[in-house]
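Colleague: For reference, the structure I am asking about is given below.
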Amino acid sequence: MPLEFLRRKPNEAPAAPPPPQAAARVSGNALPEEVVAQEHQLRLNFAGKTSEGVRMKAGPRALADLPDMLVGSAKSEIEVIEPLPIEFSQASPTIVRPSEAMQWLNAHHALSPIGRHALVVLESIDAVDLAFDTFVCALLDGETDTSGYPEYNAVVGGVAAHWDEVTGDMIVRGVVGWGGRGVRGDTDRVGSRILTGILSNILASQYAMGLTPVERPAVAHGQGGVVCAHCGFQSAHERAFYCPKCGMRLARG
Ligand SMILES: [Zn+2]
């Protein structure tokens, strides 16, 4: 949890007292021994869980089945978020890095508030990576505010799928996340219960072959790779053998 920067460093020295000359110059307005400081702090808490993967046969046909795996769990419309092409390979929900943030907004401004919130939470904790994941998401528990954004204790997520670079099978895993300006003790338990339900839905798919460890492809963000001859998708993923978007084998030049 990246909260370290909010804490005082243990070896941080207190501010040095002003040199005598400086003190003399402000003699009419003597600096107190210790500054009376007003504290400001924000604690953001993002958390999530991913399940084991389920190996699917029949490749691309299984893609169309992903939204069905959320039927019964989803408390909002189910949204399919596809892998990002090369022009968005640096996209990141980090507002202080304007070029990454602009790519991220350009890629995701049309999503629902729930989809954007889910990506902020799950990308920040590295639970999904749109360089190779297809992410199907919805609100799974809790409420949204009046603008439609999930509250900090609402659980969002669904299933994420990618293509196994060795076999070309599709690997699907359950992903849930929550967080924001607050934390509640029971959200973790609610998230676990929902994840169990999603995993059983994945295993119930007609294409499911059984549980498998998730080995996510190594992504080289950079020049990018091959253009898919089947769907025209240009992957940001140089080493891909299977198109991240449609799952067909990429022809290599
Ligand atoms: Zn393709």
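The values are calculated or read from the model by the stated rules, or taken from the named source; none is laboratory data. Fair warning: this is a prediction, and the values are worked out from it, not measured in the lab. Ideal geometry is used to build each Cβ from the backbone, glycine not excepted, and the neighbour counts take in all protein chains shown. Surface areas here come from the heavy atoms of the whole protein model, side chains and all, with no ligands, DNA or RNA. Shrake-Rupley method; radii C 1.70, N 1.55, O 1.52, S 1.80 Å.
Colleague: Probe of 1.4 angstrom, ligands and nucleic acids ignored: what's the accessible area per residue over the stretch 146-200, in square angstrom?
Modeller: 40
Colleague: Here's something else I'd like to know. Rg to Rh for the stretch 124-253: what is it, with Cα atoms only and Rh by Kirkwood?
Modeller: 1.03
Colleague: Shifting gears a bit: Return the loop-located GluC sites (Glu not before Pro) in the stretch 123-207 (DSSP other than H, G, I, E, B) with at most 12 other Cβ atoms within 10 Å of their own Cβ; answer none if there are none.
Modeller: Glu143
Colleague: What does the charge count near Ala107 come to, summing +1 for each Lys or Arg and -1 for each Asp or Glu among other residues with Cβ under 15 Å from its Cβ?
Modeller: Net local charge, Ala107 excluded: -4.
Colleague: Can you pull the percent of the stretch 27-176's accessible area that's carbon plus sulfur, 1.4 Å probe, other chains left in place?
Modeller: Roughly 51 percent, rounded to a whole number.
Colleague: Could you order the peptides 124-136, 37-49 from most to least packed, using the average number of other C-beta atoms within 10 Å per residue?
Modeller: Ranked from most to least packed, the peptides come out as 124-136, 37-49.
Colleague: Nearest 20 debye, what's the magnitude of the dipole of the stretch 19-145 about its Cα centre given +1 on Lys and Arg Cβ and -1 on Asp and Glu Cβ?
Modeller: About 180 debye.
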